[in-house]
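The values are calculated or read from the model by the stated rules, or taken from the named source; none is laboratory data. If you're wondering where the values come from, they're calculated on a predicted model, not measured in any experiment. Methodologically, a virtual Cβ is constructed for each residue, glycine included, from the backbone with ideal geometry; neighbour enumeration extends over all protein chains shown. Protein only, heavy atoms only, side chains kept; ligands, DNA and RNA dropped before computing areas. Shrake-Rupley method; radii C 1.70, N 1.55, O 1.52, S 1.80 Å.
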Amino acid sequence: MKAILRTDVGKTRTINEDAVFAGEGLYLVCDGMGGHQAGEIAAGMAVEVLSGALKKKRPGIRVLLSAVAEANARIFAHAGERTGLHGMGTTLTALWADERHVLIAQVGDSRAYLLRGGVLRQCTHDHSMVAELVRNGSITPEEARTHPQRNLITRALGTQSKVDADVFEFARQQDDRWLLCSDGLTSMVSDAEIAAALSGAPLADAADRLLEQALARGGTDNITLVLLEDEGGASHD
């Protein structure tokens, strides 16, 4: 897969607490949370643990969930050892590809999207209070975008001793485009705008357009994205 990465501190934050990784068919976006730079530490630990645990492994659901559990345990233990890091955590959106399949692991409200045949699909479910309100019909997706509690997530790596991760599996198709991103992008840019950016333009131009749109709308959070294009055949970087 061809990969383009972008990350930006945004216009209102002083520290980028997002972390991003791409290599050997594994792609990660993590959005850290917690005071005193704890979010930056949690996101960095998640990337370090997962990239190390999955290196040179063949993609599989069991080994992916094991790596997520290991990352959660390491972050939780690290936070417990240092009072200034208590309560730190991070979202995780991971894409792990072999020659035929794509696995997605999800914790929190970062997202994975798939553009296939000109149609954009959100492939993950946000673990957030607002997303639950949308799913049970209490509010509309449009109301969710401006809801005062839209940043409250219900699951994260490292905040509890154990975590439940969602895992999804997809068959690879040539010309698929995948987007992994933190909510610093999706809180600023609509799904329709994401679809428009991903449709037709060269990969790097599409990534730049999405980042520029998020910054133009205010850039109120760190913005991170991984944009992938499936060129067919074995996964490569």
If you go through region 202-214 one residue at a time, do you hit one that is over 14 Å from R111 (Cα atoms), modelled with pLDDT under 95 and open to solvent by 10 Å² or more (accessible area, probe 1.4 Å)?
no
Cβ-Cβ below 7 Å, separation at least six or inter-chain, first residue in region 77-88 and over 15 Å from T159 (Cβ atoms), second open to solvent by 40 Å² or more (accessible area, probe 1.4 Å): which pairs?
G84/H36
Within region 6-17, does at least one residue satisfy the condition of being buried (at least 23 other Cβ atoms within 10 Å of the Cβ) and closer than 23 Å to A79 by Cβ?
yes
Just checking, does region 27-41 include any residue being modelled with pLDDT of 95 or more, more than 30 Å from A216 (Cβ to Cβ) and part of a loop (DSSP other than H, G, I, E, B)?
no
How many residues of region 80-130 are open to solvent by less than 50 Å² (accessible area, probe 1.4 Å) and touching a strand residue (DSSP E or B) at 6+ places or on another chain (Cβ under 8 Å)? The answer is 30
Restricting to region 43-59, and then to whatever is in contact (Cβ under 8 Å) with a residue 40 or more places away in the chain and part of a loop (DSSP other than H, G, I, E, B), can you tell me which residue is most open to solvent (accessible area, probe 1.4 Å)?
R58
Pairs please, first residue from region 114-134 and at negative phi, second anywhere and in a helix (DSSP H, G or I) and β-branched (V, I, T), Cβ atoms under 8 Å, 6+ apart in sequence or on different chains.
L120/I194
Cβ-Cβ below 8 Å, separation at least six or inter-chain, first residue in region 203-225 and of a type in the set (K, R), second surrounded by fewer than 21 Cβ atoms within 10 Å (Cβ to Cβ): which pairs?
R209/A201
